[in-house]
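Some notes on the structure that comes next.
The values are calculated or read from the model by the stated rules, or taken from the named source; none is laboratory data. All of these numbers come straight from a predicted model, not from anything done at the bench. Quick reminder, even Gly has a Cβ in these numbers, built from the backbone with ideal geometry, and neighbours come from all protein chains shown.
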Amino acid sequence: MFQLTPQDWTAILLSLRIATVATAVSLPFGIGIAVLLARKDFWGKTLVDAVVYLPLVLPPVVTGYLLLITLGRRAPVGAFLADHFGIVFAFRWTGAVISCGVMAFPLMVRAIRLSIEAIDRRLEDAASTLGANPFWSFVTITLPLALPGVIAGAMLAFARALGEFGATITFVSNIPGETQTISAAIYTLTQVPGGDVAALQLVIVAVIISLAALVASELLARRATARLHGG
Amino acid sequence: MVVEMLTVDVEKQLGELSLHAAFESASGATALFGPSGAGKTSVINMIAGLLRPDRGCIALNGEVLFDDTAGINVPAWKRRIGTVFQEGRLFPHMSVRHNLDYGRWASGHAAGAKAFAHVVDLLDIGHLLDRRPGKLSGGERQRVAVGRALLMQPRLLLLDEPLASLDAARKADILPYLERLRDESGVPMIYVSHDAGEVRRIASRVVRLEAGRVMAMGGVELLA
């Protein structure tokens, strides 16, 4: 008897919303950074590279804590945003978007960067001899050819954001209806006596969503690749 | 009739090869002839704006495209010099039609529908328009590449060993198209090759390049 409570549904929908928004918001930045790292040589590139990949190697709790002491209510950046723009991340679902986005960012950048590095740059040269300025050649040549990588990066990021736990709970806590994602809800259920069955149900939901995301990304990437090669 | 005129005087260190090429070309087809490794492709890339010379200047019809002392380096996309590369470099994610139209979208130097039809007819590629480059033979690919470069209304056409990747029979198929192109389009051409037979059919003027230096300039008698 599989019976999801309204609280379960709240957590599921919130997780989906947070992961979707985190992926959508970070995608333009992910593409930008990936292009920068794949194509440009500049002073401090190694440092930028390291900082982008940092969330992948840091304990998530550390990332969450770093977000808390920069974007928290009383933290310098957080206070500035709250006072001047009325933007508050602490203990809000938008804060969860930030932590999920940050945690997912390295995976997204890596997938997109690899696909951009695999593109034959001589095609871009050919576009420039045909009168395409750098922006136009990026939009019409580079981006379409990198599309399978962009899709893979977005889907990886979505899956990572969906599963995010440590950084999120550290940064925005575990508030039902505001910041309690599936992961946090499962964690909460395992802490109360008799919560095992309810936790298991959410586990099943998490597995289904993740599998669906993976299958969808695989199908999309395959279609994009086929289109590139004249399907 | 205005005589189109290209003047090139460029230097560049390319690994072991120190390239110093100076020559001029007028209307019609000029061949850049020489053995592999002489620096022909590098010269073409410098004229196209894809490779920056260390020193020197490049001018087309009186417009300076590159001059290091004056700090001028017009980017490739503003030069309006059509280039046909050895490997074609068609865009794999676009149909032949979109490849041909690319210059029109990108540069805004619109070749009208009439010019499109003319080029398609000239190169006999009408039956290929809806195909992807991946499904073309080597010879078809190069004809499309030539058409794509022509349709951007170039002031000069650079052909960098356009037949090198083809077998003898294919070469023989395509040469007549290039001859027609030279005679009918009126666009001056620089034709790069190491094949004397090919050059003899296409070009009336020859610039002989060896080990990065221009050894001789003149008529086809230099091919011997």
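A quick yes/no check of all residues on (1) within 11 Å of chain A (Cβ to nearest Cβ); (2) modelled with pLDDT under 90; (3) farther than 21 Å from B:E184 by Cα:
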site	(1), (2), (3)
B:P92	yes, no, yes
B:V96	yes, no, yes
B:G103	yes, yes, no
B:A106	yes, yes, yes
B:D124	no, yes, no
B:R131	yes, no, yes
B:A145	yes, no, no
B:A149	yes, no, no
Requested in this report: Output the number of residues of the stretch A:27-52 satisfying the condition of being loosely packed, with under 10 Cβ neighbours inside 10 Å and either among the basic types (K, R) or more than 22 Å from A:I98 (Cα to Cα) (or both).
Outcome: 6
Report task. Can you tell me which residue within the stretch B:54-90, out of those that are within 14 Å of another protein chain (Cβ to nearest Cβ) and more than 30 Å from B:A117 (Cα to Cα), is surrounded by the fewest Cβ atoms within 10 Å (Cβ to Cβ)? Result -> B:N73
Query raised in the report: Scanning for something without any contact (Cβ under 8 Å) to a residue 12 or more places away in the chain, assigned to a loop (DSSP other than H, G, I, E, B) and more than 30 Å from B:L150 (Cβ to Cβ), does the stretch A:170-192 turn up at least one residue?
Result: yes
Query raised in the report: Given (1) in contact (Cβ under 8 Å) with a residue 40 or more places away in the chain; (2) crowded, with 18+ Cβ neighbours inside 10 Å, where does B:L222 come up short, assuming only one miss?
Result: (2)
Query raised in the report: Only one of these conditions is not met by A:F89: (1) buried (at least 21 other Cβ atoms within 10 Å of the Cβ); (2) in contact with a Leu (Cβ under 7 Å, 6 or more places away or on another chain); (3) part of a helix (DSSP H, G or I). Which number is it?
Result: (3)
Query raised in the report: Based on what the data block shows, is B:A115 without any contact (Cβ under 8 Å) to a residue 40 or more places away in the chain, more than 15 Å from the chain's Cα centre (by Cα) and either more than 9 Å from chain A (Cβ to nearest Cβ) or crowded, with 16+ Cβ neighbours inside 10 Å (or both)?
Result: yes
Query raised in the report: Of the residues that make up the stretch A:55-62, is at least one surrounded by 17 or more Cβ atoms within 10 Å (Cβ to Cβ) and closer than 20 Å to A:L147 by Cα?
Result: no
**Report entry** Cβ pairs under 6 Å, 6+ apart, first in the stretch A:116-136 and under 11 Å from B:F91 (Cβ atoms) and facing another protein chain (nearest Cβ under 8 Å), second among the aliphatic types (A, V, I, L, M) and part of a loop (DSSP other than H, G, I, E, B)
**Finding:** A:L130/B:M152
Requested in this report: Quickly run through the stretch B:156-199 and pick out the residues that are within 15 Å of the chain's Cα centre (by Cα), part of a loop (DSSP other than H, G, I, E, B) and either crowded, with 17+ Cβ neighbours inside 10 Å or on the phi > 0 side of the Ramachandran plot (or both).
Outcome: B:E161, B:P162, B:L163, B:G186, B:V187, B:P188, B:H194
Query - Search result, residues across the stretch B:200-213 that are surrounded by 20 or more Cβ atoms within 10 Å (Cβ to Cβ) and aliphatic (A, V, I, L, M) - result: B:I202, B:A203, B:V206, B:V207, B:L209
